[in-house]
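Written below as structure tokens is the structure these notes are about.
Read-outs: derived from the displayed coordinates by stated rules, not from any lab. In this text, all values refer to a predicted model and were calculated from it rather than measured experimentally. Cβ placement follows ideal geometry from the backbone for every residue including glycine, while neighbour counts extend to all protein chains displayed.
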Amino acid sequence: MKLRVLIADPDPDLQRTITAAISQERDMEAAGFSSGGTETLSQIQSLRPDVVLLELVQPQLDGLSVLRRLAEAESAPPVVVLTGFVNAAVVAECAKLGAAYFIPKPCDTAALMQCLRQCAKAGGKSPAAAAAPAPAPTFSTRSAYRRMSRVINICVKGFSSRSATRTPPPG
């Protein structure tokens, strides 16, 4: 039986990249996709994935809100957070809300696949996100904060988080 992964990220390019990586693994399959937090919760209910790969920056309902709702649920799949929104407070909040792993973007694909396996095997009872053996980020903290500031400014002005990675900041 294959490990079923729900890919919850609004970026269709990332969805395709992760799907391609998962398709190379004999023991995994993409159970489905979601592009917003509300859709993620719906897909979890209907698809019953073994693991959710969750981006925190999503339209309608952000990833932290998704984690809060899952923490209140009677049964929920384990969650691996894969995001470019990285700071100590966010990592701590994800751990508090039950995320099994917190992995900064970009990450090593092989390490991500291993985290998904470990998470499913442990049923989400992996070490807290802050202590999880995630791949080291390949970007500097300063560049990550600059990028996130740009994304937040674009989102505040009404653009989606997906367009934030493609569109220069408005005037």
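Tell me which of these Glu74 doesn't satisfy, since it passes every other one: (1) over 15 Å from the mean Cα position of the chain (by Cα); (2) touching a residue at least 24 places away in the same chain (Cβ under 8 Å).
The failed condition is (2).
Looking only at region 59-86, how many residues end up being in a loop (DSSP other than H, G, I, E, B) and within 14 Å of Lys105 (Cβ to Cβ)?
Step one: of region 59-86, the residues in a loop (DSSP other than H, G, I, E, B) are 59-62, 73-78, 84-86.
Then drop every residue that is not within 14 Å of Lys105 (Cβ to Cβ), which leaves 84-86.
Selection size over region 59-86: 3.
Hey, among Leu3, Leu56, Leu82, which residue is under 15 Å from the mean Cα position of the chain (by Cα), buried (at least 18 other Cβ atoms within 10 Å of the Cβ) and under 22 Å from Ala122 (Cα atoms)?
On the way: Leu3 fails: under 15 Å from the mean Cα position of the chain (by Cα); Leu56 fails: under 22 Å from Ala122 (Cα atoms).
Sole residue among the options that is under 15 Å from the mean Cα position of the chain (by Cα), buried (at least 18 other Cβ atoms within 10 Å of the Cβ) and under 22 Å from Ala122 (Cα atoms): Leu82.
How many residues does region 7-50 hold that are under 21 Å from Asp108 (Cβ atoms) and in contact with a Gly (Cβ under 8 Å, 6 or more places away or on another chain)?
Count: 2.
Would you check if Val90 is part of a helix (DSSP H, G or I), buried (at least 17 other Cβ atoms within 10 Å of the Cβ), among the β-branched types (Val, Ile, Thr) and within 13 Å of the chain's Cα centre (by Cα)? Let's see the steps before the verdict.
Working: part of a helix (DSSP H, G or I): yes; buried (at least 17 other Cβ atoms within 10 Å of the Cβ): yes; among the β-branched types (Val, Ile, Thr): yes; within 13 Å of the chain's Cα centre (by Cα): yes.
Yes; evaluated as a whole, the condition is true for this residue.
So which residues in region 19-49 are in a helix (DSSP H, G or I), under 20 Å from Val66 (Cα atoms) and aliphatic (A, V, I, L, M)?
So in region 19-49, the residues in a helix (DSSP H, G or I) come out as 19-23, 37-47.
Pick out the ones that are also under 20 Å from Val66 (Cα atoms) and you get 37-47.
Result: Leu41, Ile44, Leu47.
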